[in-house]
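Note sheet for the following structure.
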Amino acid sequence: MHYVICMKNTNKPIITEMLRESLAQGNMPFLTIGSGSMAPLLKAGDQIGLEAVEALQLEAGDIVTLAAEGDLLTHRFWGWEDGRFRTRGDRMIVFDPLWPPDCLLGRVAERRRNGRILTITSGRGQRLNRHLARLIMTESHFLDRKCLIRLIHRANFAWASLMTTIIQ
């Protein structure tokens, strides 16, 4: 069974609990992306399908949805720091605050856009996601050089947009 949930004007703690229950039952719930922080792979209005995953199964580059204080966030998982998650949106230059493992809802497995499905966990969708993850993670080496990071960030976004368009 598939559920599509749009987070606007909803009771987020109840939705979060429903998502946890759905994932525990082996379902793939779908959420609607509300921002461009993960563009071009995930754009506002895209639907994402979540799969259940244990925190220790995550690999750097996976895209995860986290729940904290009644809100949901879908960003790229970078790794562990002091027993907590390090995440960042692909369009963001700064990292999110560290997340405790119990904030993990699931890993993004699919993206739906304009009637087309891209599986993120296998095939060409997985290759695209891994490629974009490497591009974004390479940027982090230049974070202390503000002018250079903006240039690299824009170039990465242009390349990622091209690759995402081609692979769709």
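What to note about this one:
- Degrees between helix 123-139 axis and first principal axis of the chain (Cα, 0 to 90, nearest 10): 50 degrees
- On Cα atoms only, tilt of 12-24 relative to the major axis of the chain in degrees: 80 degrees
Just so you know, all these numbers are worked out from the coordinates, no wet-lab data involved. Given the structure is predicted, the values throughout are model-derived calculations rather than measurements.
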